[in-house]
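*Asks:* Could you have a look at this structure, given as structure tokens, before my questions?
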Amino acid sequence: MINNEETKGINNKFQLAEVEEIVRSRIRKAVMLSGVTLTDPSSTYIDDNVMVGPDTIVLPNTHITVNTIIGGNCKIGPNTIISESTIGNNCEITSSVVDQSLIRNDVSIGPFSHIRQDCVIDDGVKIGNHTEIKNSHLGKGTKSGHFCYLGDADIGNNVNIGAGTVTCNYDGISKHNTKIGSGAFIGSDTMLVAPIEIGERTVTGAGSVVTKNVPSDSKAVGMPARIIRGGRRTP
């Protein structure tokens, strides 16, 4: 018996779209039979070279493309785009974009955040709304709640990044790196003018413009920031 789908010709864009929907429907069926929940299959776009772990839920208008791997027990979407990335287990990504990055386990992202190329996000990281991260490493348990830009940064474990923080990584000619030690507390609206290194357990005051390296267990406050030694952050 001839399968009309297998012999369907493609002579125009409309027929191309029809065949593409046939292929995507087969992919979605295979994904759901493997234990993944697609709450609205017709609005979910998954490439054939994608792997999604069991008990993961994919919400409407989500695009998962180009060799992406997603672990088990995740919640992806709605309105999320993930491309060329690896996502660990127990992650939640809401209304956000992840591109060419590694997201480890128990990570929360979004809504409305953008993880750009070459990021590594370690276990237990929390990234809230309207945060952009590029070419950066965020250590375990670090939090960036909202309205931040973190570019070319190496951030340690259990760092708190206050709202409005910017790593000022571009001087008009070259990109520069920012390093933040574990346990640091970066106050809201802090400008970190790279290249710069912030020590472990250091605190920056709200609205500070930090242009010099700050040693561990210190405070940096003001514009430009002055360094107060012995201002160790207390839990």
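The values are calculated or read from the model by the stated rules, or taken from the named source; none is laboratory data. Model, not experiment: these values are computed from the prediction. Positions of Cβ are generated from backbone atoms using ideal geometry, with glycine treated the same way; all protein chains shown enter the neighbour counts. These accessible areas exclude ligands, DNA and RNA; they are computed on the full protein's heavy atoms, side chains included. Shrake-Rupley method; radii C 1.70, N 1.55, O 1.52, S 1.80 Å.
*Asks:* When the Karplus curve 6.51 cos²θ - 1.76 cosθ + 1.60 is applied with θ = phi - 60°, which whole-Hz ³J(HN,Hα) does each residue of the range 180-196 get, with x for Gly and Pro?
*Replies:* Rounded to whole hertz, the list is 10, x, 4, x, 6, 10, 9, x, 4, 6, 6, 9, 9, 8, 7, x, 7.
*Asks:* Which of the three applies to the range 112-155, rounded, prolate or oblate, going by the alpha-carbon gyration tensor with a ≥ b ≥ c and a/c under 1.5 meaning rounded? List each step's numbers first, then the result.
*Replies:* Details: a/c = 1.69, a/b = 1.07, b/c = 1.58.
Cα axes put the range 112-155 in the oblate bin.
*Asks:* On to the next question. Looking only at the chain, where both bridge partners belong to it, what percent of the DSSP beta bridges are antiparallel (to the nearest 5)? Let's see the in-between values first.
*Replies:* On the way: 6 of 69 bridges.
For the chain, the DSSP antiparallel bridge percentage is about 10.
*Asks:* Moving on. In the chain, carbon and sulfur make up what percent of the accessible area (probe 1.4 Å)?
*Replies:* On the way: 6080 of 11670 Å².
C and S atoms contribute 52 percent here.
*Asks:* Then there's this: When the helices in the chain are scored as -39500 (n - 2.57) per DSSP H run of 4 or longer and the sum is shared across all residues, what 222 nm value do you end up with, to the nearest 500 deg cm²/dmol?
*Replies:* Values: 1 runs with 21 residues, N = 235.
The per-residue figure over the chain is -3000 deg cm²/dmol.
*Asks:* Now for a separate question. Under 18 Å between C-alpha atoms is the cut-off here; go through the chain and count lysine pairs that meet it, provided they're at least eight residues apart or on different chains.
*Replies:* Number of lysine pairs found: 12.
*Asks:* Which percentage, to the nearest 5, of the DSSP beta bridges contained in the range 119-189 is antiparallel? Spell out each step's value before the answer.
*Replies:* Details: 1 of 20 bridges.
Within the range 119-189, antiparallel bridges account for around 5 percent of the total.
*Asks:* What FRET efficiency do you get for Q15 and D40 if R0 is 22 Å and r is their Cβ-Cβ distance, rounded to the nearest 0.05? Walk me through the numbers before you get to the answer.
*Replies:* Details: r = 25 Å, r/R0 = 1.13.
Taking R0 as 22 Å, the efficiency between Q15 and D40 is 0.30.
*Asks:* Shifting gears a bit: Of Y149, Y45, which has the most accessible area and how do the rest follow, probe 1.4 Å? Mind showing how you got there, number by number?
*Replies:* Numbers: Y149 45, Y45 80 Å².
The ordering from most to least exposed comes out as Y45, Y149.
*Asks:* If you count the DSSP beta bridges with both ends in the range 115-160, what percent of them are antiparallel, to the nearest 5? Walk me through the intermediate numbers first.
*Replies:* Details: 0 of 13 bridges.
DSSP beta bridges in the range 115-160 are roughly 0 percent antiparallel.
*Asks:* Considering Cα pairs under 8 angstrom that are at least six residues apart, work out the relative contact order of the chain and quote it in whole percent. Don't skip to the end; give the middle numbers.
*Replies:* Details: 740 pairs, mean separation 17.8, N = 235.
Taking the mean separation of contacting Cα pairs over the length of the chain, I get 8 percent.
*Asks:* Per residue, what accessible area does the range 1-134 have, given a 1.4 Å probe and all protein chains present, in Å²?
*Replies:* 51 Å²
*Asks:* Find the all-direction average of the projected area of the Cα convex hull for the range 9-101, expressing the result in square nanometres with one decimal place. Write out the running numbers ahead of the final one.
*Replies:* On the way: hull surface 22.8 nm².
Projected over every direction and averaged, the Cα hull of the range 9-101 covers 5.7 nm².
*Asks:* Would you please classify the overall shape of the range 153-235 from the alpha carbon gyration tensor, given that a ≥ b ≥ c denote the square roots of the eigenvalues, rounded means a/c under 1.5, and beyond that prolate means a/b larger than b/c while oblate covers the rest?
*Replies:* Taking the square roots of the gyration eigenvalues as a ≥ b ≥ c, the range 153-235 is prolate.
*Asks:* Can I ask one more? Classify the range 55-143 as rounded, prolate or oblate, taking a ≥ b ≥ c as the square roots of the eigenvalues of its Cα gyration tensor: rounded when a/c is under 1.5, otherwise prolate if a/b is larger than b/c and oblate if not.
*Replies:* Working: a/c = 1.32, a/b = 1.24, b/c = 1.07.
In terms of gyration-tensor shape, rounded.
*Asks:* Sorted by accessible area with a 1.4 angstrom probe, largest first, how do L150, L16 fall?
*Replies:* Details: L150 0, L16 80 Å².
Greatest to least solvent exposure: L16, L150.
*Asks:* Then there is this: At 0.36 nm per residue, minus the direct Cα-Cα distance, what do N67 and V120 gain on full extension? Give it in nm, one decimal, please. Before the final figure, lay out each step's value.
*Replies:* Details: separation 53, 0.36 × 53 = 19.08 nm, distance 1.70 nm.
Taking N67 through V120 to full extension adds about 17.4 nm, to one decimal.
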